1. For the stretch A:278-326, compute Rg over Rh where Rg is the Cα radius of gyration and Rh is the Kirkwood radius from the inverse mean 1/r over Cα pairs.
2. Could you tell me how many cubic angstrom of Cα convex hull volume the stretch A:60-214 has per residue?
3. Rank these for me by crowding, A:4, A:49, A:155, going from fewest to most other beta carbons within 10 Å.
4. Taking the alpha carbon gyration tensor of the stretch A:51-92, what are the square roots of 5 times its eigenvalues, largest first, to the nearest whole Å?
5. Taking the Cβ-Cβ separation of residue A:72 and residue A:299 as r and a Förster radius of 22 Å, what is the calculated FRET efficiency to the nearest 0.05?
6. Using label points projected 7 Å from each Cα along Cα→Cβ, tell me how many nm separate residue B:62 and residue B:136, to one decimal.
7. Just grab the label-to-label distance for residue B:55 and residue A:364, each label 7 Å out from Cα along the Cβ direction, in nm (one decimal).
8. Using alpha-carbon positions, what is the distance between the centroids of the stretch B:142-160 and the stretch A:312-386, in Å?
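The numbers here are math on the coordinates, done by the rules we state, and not lab data. Keep in mind it's a predicted model, so treat the numbers as computed, not measured. Counting neighbours? That spans all protein chains shown, and the Cβs are built from the backbone with ideal geometry, glycine included.
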């Protein structure tokens, strides 16, 4: 894994505008940044990213199976009691998952470490699946990259295939997102194109325009009944909104399925560590309430005492606290040497229970900290997208960086 | 040469929300043929089978009958039913009392007056069918009401989504117009304090 300075494609900003990629610059800063790129060997991609991420997803499924059958775990994951059935049933009915993105800390050597799994509402899909792909193709045509270079990016084709597997031909799928947020919209549009290519009908509805019919079904913003709903909106919020009472009775099929509420929850990280302690791609993780005292020199909760003892050196050297629910780095703080070394300053999720995770520092490459986004479609890792930031905690304005596999 | 790790093609264009409207699907059409009953389908298959066999007739007619029972609209009175489907075109719910039907006093249904078969071969599917009922203005529509036709006997091309199944036993199929009672029940983003942030991440 190397960071390489490369010439930008002439006129790429015009091309981005032409394609509708309107957020290539955000907040006066570049968001899409191709002044440099990350290069990987095929071995690094396959051995260190693809295979481990696929295995991690399998482990996550085992963890979901455990959690949905255990009221205590559902409580710890802050899933409202009245929705335990909805979530457990979606799992026992084997409702299929569509996609997710694992954020990994990796520097080219040693095992990649799972920082978190956005298994419910990952964005940056268009940048990863499409614009990054175009960058590689065009840089090859320009001779900037050799003809034998490649990219870990089967995301689009895998999505087409996945839609074909999990929905009947001709299924009408509604895609709901915030219409005023171009990043969110781009992600649902990328998904919708894949659905269309798989033979499905794809329709957009603004999330806040969703209605409830007199027969208890959800409708789109044009009063048409929703049969299958992809929502770029977190399950933890769906379960707490006014329409939550109608989720089950509406008979809507949801993508992602309700059991993703378990998976896209930072409480999964302590659960994974409990089930697979010492796994090379996992970091020691605990509920903050169980170890807060111990981190200050006191004692941990009895049920995690031996696990904490095994991990305490790593945790004391550095750890990260994160709220159970949080997006784009909000509420995340890095603790080192007994003090907060870095935090994002966005506390909009900080009233939720926290978890503690051992620190796996992102590498520093030419002044920036890259984080790997390993894309999961269905149950396999099928692509990669990188973000980088000068800060150590990646957030919503962090730059998207293209990557390639060296030929 | 090593295995290629990237897609052969991708979708590059972000066209904005208009592109995901219903209209964009309209050229996505499949071969379809409708019949008033099973016998006329079998006769057509014997005479000049283009894309279906007698067996297809039997299988798809049975499927349409079942789908009619499960997804056709139900009304609380015969009068209401006839307003929607024409006088003399309604009857009792044949599935009334059976487990899994709509219930709730909605026990009148439009009569099954034909069915339509569609070839999804080009889409990797098989042959699909839809039950047909009358409309108030003397036409024929799918039981879920999303497509109507002048006759229950004929050949043509229809939108592939015509053959999408509606939800069973209650409610209306996807994309049919509904009476909306309430809106805005999603999107408060209850777990985050303060607004204006992306819902993704």
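1. Answer for the stretch A:278-326: 0.94.
2. Hull volume normalised by residue count: 182 Å³.
3. A:4, A:49, A:155
4. 22, 11, 7
5. Approximately 0.55, to the nearest 0.05.
6. About 3.7 nm, to one decimal.
7. Distance between the two pseudo-spin positions: 7.1 nm.
8. 55 Å
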